[in-house]
Amino acid sequence: MPPIRRLAAIMFADIAGYTAMMQADEADGMRRLKRFRAVLDESVQKHHGRILQHYGDGSLVLFDSAVEAVASAKEIQLALLQEPKVPLRIGIHIGDIVTDGDYIYGDGVNLASRVESLGVPGAILITERVIHDLRNHPQFDPVSLGKFEFKNVSQPIEVYALADTGLTVPRERELGERPKVRPTRQHGRRKGPAGKLLALGGVLALLALAIAAWVFWPENKQPAPEGEIPARSIAVLPFRDLSPEGGQQYFGDGIAEDILNALAQAGELKVAGRTSSFSFRGSEVSMQEIGRQLGVSVVLEGSIRRIGEQLRVTAQLVNTADGYQLWSQRYDRQADDIFAIQDEIAQAVAENLKVILLQGSTRPLTRNREAYDWFLRGRHMLSQRSDGAEAAVEFFRRALELDPGFAMAYAGLGHAYLWLGWSNSLPSSEAFPRARTYAREALQRDSSLAYAHAILGSVHLWYDWDWAAARLALEKAVALNPSEAGAYLDLGWRHALSGSHTRAINLMEKAVSIDPLNLEYNIDLAEMYRMAGDFQKAKDIGAAMQKMYPDNSEAYWLLGQVDYMQGNYPQAVAHFRESVRLSGEESWAVMHLAMAQAKAGQQAPARQAAEKLESDSAVIEAAFVEMAPVYWNLGYKDKALAWLERSYQQHANWMISLRMDPVWNEMRGEARFQALVEKMNFPD
């Protein structure tokens with residue numbers, strides 16, 4: 001039978017350091033090899049692939065689909081990153097293969113093998129051929145590592161790492177240790193398209209000032225009738241990536257977010273928040289509907305396209321009343337040095353709009369293109385909240401290695417540690433002090449950075465329990481940036497501690513008005529309504545969030561909270577059970593379910609849940625405040641109070657709720673509970 005040639009997605013995978021592993025402990029090495037092959041077999045079958053060969057500690061696999069190959073690789077790596085870990089490297093390429101009897105060969109096979117050898121444990125490396133097939137699959141987040149020369153390959157090949165949560169992205173020095181591989185360089189900087197394109201965010205941040213000036217032009221200063229959309233209001237949609245090779249989704253997000261942040265500095269301009277604006281990514285919703293949902297009069301949208309060394313940037317401003325375009329501009333430039341043309345583009349925009357720029361100046365976040373690249377990747381991961389916080393930490397650190405004076409990267413690092421603390425991914429005593437340190441590092445470099453003041457205020461509020469410092473920092477944040485929605489949210493919690501639920505609700509409503517589709521902000525507002533006793537408003541928000549985010553656990557949790565406060569314990573159990581399911585049985589959700597079960601007379605499952613939770617070292621370490629009501633409702637009052645005392649010692653997240661949440665009302669008569677409240681020294 002003659003040889004058969006065809007195109008395939010080729011995956012190579014091997015265990016890094018397997019020889020040394022076997023020398024150190026042969027039995028352990030064999031166990032890990034068997035685990036690798038078992039996980040591989042299951043995943044490859046699931047994704048319709050075919051294992052062609054096992055060779056020692058590695059395997060060669062073929063797929064008909066690049067998407068299935070990458071999905072399988074991600075599934076395998078995430079499984080093997082769990083204990084007992086297997087240090088696996090994976091490389092994927094699309095290319096020609098030749099099958100001749102029992103043999104398989106071809107340039108595609110050779111290149112996939114060499115890409116795999118470039119990697120590090122926990123990484124998935126893919127070539128630019130694979131990137132093309134991933135363009136319409138936003139569940140994958142590829143990061144360009146630059147172009148590399150491989151032995152017997154005539155042209156440099158661009159290599160990407162999958163930067164999805166939990167996966168490892170190799171550092172440049174790790175790549176440089178590999179023989180037979182050399183990054184292609186220009187002027188000492190990596191030449192991959194990400195390194196060049198990502199600098200463009202600074203350009204469009206300046207463009208934002210011109211857009212804001214257009215909105216402020218006297219002809220547009222018409223007071224909005226009460227109840228109508230204000231004339232001076234805008235939303236910024238993520239810029240679309242129209243590059244033939246794709247893979248730049250996070251870049252389009254970064255452009256939009258830089259514009260959004262620049263616009264937010266204008267006190268008279270209402271700017272819709274990131275979460276709300278970005279929820280319309282790829283949507284077919286009309287501009288009129290976007291304007292209605294976000295409460296804005298104009299929308300800025302745009303795109304970027306790179307072909308070779310040519311860049312094309314487009315931006316347009318659209319009136320949401322009728323969908324007509326108010327202004328548009330296209331810029332065609334060489335990609336050699338984007339920073340050098342920032343002023344040119346900003347001036348061109350201003351001239352075309354026939355307006356003057358707003359007072360003040362826009363300073364670039366950094367002059368280092370590669371640092372800006374990593375910063376944008378970190379910010380993209382941080383938009384996934386706790387799910388992306390660990391990856392965000394790594395990316396912000398890389399930005400700071402390249403530019404130690406990058407204030408926004410320090411602030412981003414602080415924000416990432418806030419999420420790691422809030423989600424109990426790290427102990428409070430580790431996460432919050434780091435967040436404080438990095439926020440202060442940011443402010444040492446730029447004292448006007450509202451974002452950093454907001455992070456510092458959060459730490460003072462949720463961990464330091466320094467009420468005066470928290471209020472000062474948060475008020476400073478909103479004074480510097482009237483659109484710093486997160487600061488309004490925390491300022492609301494701070495006022496609730498003083499017993500002012502009305503003021504708290506007003507501030508949280510301000511946060512929601514800035515970012516109306518933001519789940520976190522809406523849930524916090526509903527919680528404040530619940531604590532203030534307005535159960536109907538809390539329910540209405542919960543129902544709206546449940547409809548908008550049907551697969552999110554928090555809306556069900558909120559509805560369970562309201563049912564619990566109203567004494568509707570069976571319904572609370574039902575809502576909390578759904579929250580447990582959707583959260584993947586996270587500890588905080590299980591605690592609330594057990595709390596309600598104990599009240600509903602379901603003592604046995606509540607007791608079993610409590611025993612299981614207390615055997616979890618992560619729960620003990622985090623000292624979840626929510627465990628106390630579980631024990632109290634089960635009749636273990638001393639244990640409930642002892643748990644709260646432990647939570648106090650560890651500065652657990654929700655200790656600040658002792659003052660304001662009616663869920664604690666049954667304990668308020670206990671001397672030990674009152675002693676804790678007095679120790680917290682809550683503000684009047």
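Before moving on, here are some points about what is shown:
- Any hit, the range 87-102, residues being under 26 Å from Phe375 (Cβ atoms) and modelled with pLDDT of 85 or more: no
- Screening Leu443, Leu456, Leu449 for residues that are at pLDDT 95 or above, within 29 Å of Lys270 (Cα to Cα) and not basic (Lys, Arg) leaves exactly one candidate, Leu456.
- Test: residue in the range 561-581 that is among the acidic types (Asp, Glu) and buried (at least 21 other Cβ atoms within 10 Å of the Cβ): yes
- Odd one out for Gly119, checked against (1) among the small types (Gly, Ala, Ser); (2) at pLDDT below 80; (3) touching a Lys or Arg at 6+ places or on another chain (Cβ under 9 Å): (2)
- Residue list for the range 132-146, filter: at pLDDT 80 or above and either more than 22 Å from Phe375 (Cα to Cα) or out of contact with any helix residue (DSSP H, G or I) (no Cβ under 9 Å at 6 or more places or on another chain) (or both): Asp133, Leu134
- Remark: pairs (first residue in the range 439-458, closer than 12 Å to Leu413 by Cβ; second residue not in a helix (DSSP H, G or I); Cβ separation under 6 Å; 6+ apart in sequence or on different chains) = Ala442/Leu449.
- Residue selected from the range 482-496 under the condition in contact (Cβ under 8 Å) with a residue 60 or more places away in the chain and of a type in the set (A, V, I, L, M, F, W, C), by the criterion surrounded by the most Cβ atoms within 10 Å (Cβ to Cβ): Ala485
- Looking across Ala479, Ala452, one residue alone is surrounded by fewer than 19 Cβ atoms within 10 Å (Cβ to Cβ) and in a helix (DSSP H, G or I). It is Ala479.
- Among the residues listed as Met545, Met528, the single one being in contact with a Gly (Cβ under 8 Å, 6 or more places away or on another chain) and at negative phi: Met528
- Qualifying residue in the range 425-434 (condition: modelled with pLDDT under 90 and over 26 Å from Arg471 (Cα atoms)): yes
- Members of the range 111-125 that are within 18 Å of Leu80 (Cβ to Cβ) and buried (at least 23 other Cβ atoms within 10 Å of the Cβ): Glu116, Gly119, Ala123, Ile124, Leu125
- Test result for Glu42, assigned by TED's automatic domain parsing to the domain that holds Asp107, within 31 Å of the chain's Cα centre (by Cα) and without any contact (Cβ under 8 Å) to a residue 12 or more places away in the chain: yes
The values are calculated or read from the model by the stated rules, or taken from the named source; none is laboratory data. From a predicted model like this one, the values you see are computed outputs, not experimental measurements. Neighbour counts are summed over all protein chains in view; Cβ atoms, including those assigned to glycine, are modelled from backbone coordinates with ideal geometry.
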